[in-house]
Every structure is written in structure tokens, then in C-alpha cells.
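Values in this text are rule-based calculations from the coordinates and carry no lab data. Quick caveat, the model's predicted, so the values are computed rather than measured. Don't worry about glycine lacking a Cβ; one is built from the backbone with ideal geometry, like all the others, and counts go over all protein chains shown.
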Amino acid sequence: SQTIHQWPATLVQPVGSPLSLECTVEGTSNPNLYWYRQAAGRGLQLLFYSVGIGQISSEVPQNLSASRPQDRQFILSSKKLLLSDSGFYLCAWRGQGSYGYTFGSGTRLTVV
Amino acid sequence: AQTVTQSQPEMSVQEAETVTLSCTYDTSESDYYLFWYKQPPSRQMILVIRQEAYKQQNATENRFSVNFQKAAKSFSLKISDSQLGDAAMYFCAYRSANYGGSQGNLIFGKGTKLSVKP
């Protein structure tokens, strides 16, 4: 069966420090992968999506970047965190030809 | 661009009663999918129910059902026999049936916080 893993679950980082959040999917190949951010009291905002290795599309200009070094691995990064980067980050995947999304358990990032 | 609107930031229901959460969307497409996701305090996004736009019959999953009005672009969620475990944020989401580029991405409303009173 397919599973999605996202870590860490919580993270507290100082302003100006780097960031690396990782997401991996098991039990499927060539999934579409997504990074969403949820600010406090707000809905989900799509940050990046990827339809294949090395293929990254950005939806919102920001301080973050994403990479997909392997088929089932999706990484969200920042060189220097801002206070406004605080939020809840969710990774999700969708199978090719499927319309259903499956979400990871999320990472709560607090920038102090 | 498509948009999803949830006009009720918060709702409350008595345990065992029925509640309806509203969702409207705007699109020029004829083929798409609609979803309701539940986000409990754990923050995990859980799929509650989904509807294909080409299907006239409303989707049902146990105590959860939808009222899909395609012409009105309305997609409400009805929760029957509400339980304490139903307390959560509920998000309505839209997805184009076109898989190309960003069109296959989920677009979310801002959510409705549902409280269930014992």
C-alpha cells in the first residue's frame, strides 16, 4: 500500500537559519508531489508541485525552494528563514491518472 | 482562475444532530472534481468525501453526504448524527479534470471550524 512520510513533525528555527523539510512516498512510482502551507487560521496555499524528478513548479514567489532529487522524494528548503515562514507545511501526493490526493502528517514550523 | 468560497468560518452542532457546511466555487470548466477534507486538531488532512462533476448523483459516505448543484456551483456537506469526533476544520476543495500543468492542483477554501456540543 502507498504511504507518505513527512518529517520532522515540529521545528523551531531562528530567523536567518536554513530549512530542510523532507517528504517521501512509498508504494508508488512517478507520483505528482505537492508542498502546501497553512498559516494560522487560514486555508492551504500551494507552494510547489512536481510531476517528475528535477521538475519543480512554483506557485507563489517566496523565500522557499523545492527539489525532487529522487522519484519519491520531495524536499522543501530555505537558505534564510523569515518570521513570515512560520506555519504548518503539508506534503501531498497524487498518482498519475488519479484524482485523489493523500497528505502527510505535516510539519509545524515556528521561526523565532 | 478557479476559486473556492466557504462562507461560514465557524459552525456549531449538538451531538446527534445534523449540520450542513456550505461551499461555492467558481469555474468555467465543465469537468472537475470536488472534495471535502477534514482537519482535526492533529492537523492531518483526511479525505471525507469526493464528487465527480459529471455524476448527477450526490456522493454519500456513511453519515456524510453532499448536495452538489452544478448549475449553482454549490457543494455543501451534510453531517448526520454528529459525533464529538467530527469536531474539526472542514475544507472544501476543487480540482480540474485536466491533468496538465497546474490545472490538476487542488484549490482549497479557507475552511469552516465545526464544534460539536455534547
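See the values below:
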read-out: Candidate lysines for bridging to B:K113, where Cα separation is under 27 Å - those fewer than 8 sequence places away on the same chain excluded; value: B:K38, B:K70, B:K73, B:K78
read-out: Trypsin sites (Lys or Arg not before Pro) restricted to segment A:7-101 and DSSP loop, no more than 13 other C-beta within 10 Å; value: A:R42, A:K79, A:K80
read-out: Packing-based order for B:4-14, B:104-114, using average beta carbon neighbours within 10 Å, highest first; value: B:104-114, B:4-14
read-out: Extension gain, A:A39 back to A:S57 (0.36 nm per residue minus Cα-Cα distance, nm); value: 4.4 nm
read-out: Kirkwood-type radius of chain B, with distances r between different C-alpha atoms, in Å; value: 14.4
read-out: Sites A:N30 and A:T3, calculated FRET efficiency, Cβ-Cβ separation with R0 22 Å, nearest 0.05; value: 0.85
read-out: Averaged over B:45-52, number of beta-carbon atoms from partner chains that fall within 10 Å; value: 3
read-out: Chain A: relative contact order as a whole-number percent, Cα under 8 Å and 6+ apart; value: 36
read-out: Where labels lie 7 Å past Cα in the beta-carbon direction, separation of B:Q2 and B:K113 in nm; value: 2.8
read-out: Length-normalised contact order of chain B in % [C-alpha pairs under 8 Å, at least 6 apart]; value: 36
read-out: Dipole in debye (nearest 20) - chain A, about Cα centre, beta carbon charges: Lys, Arg +1; Asp, Glu -1; value: 180
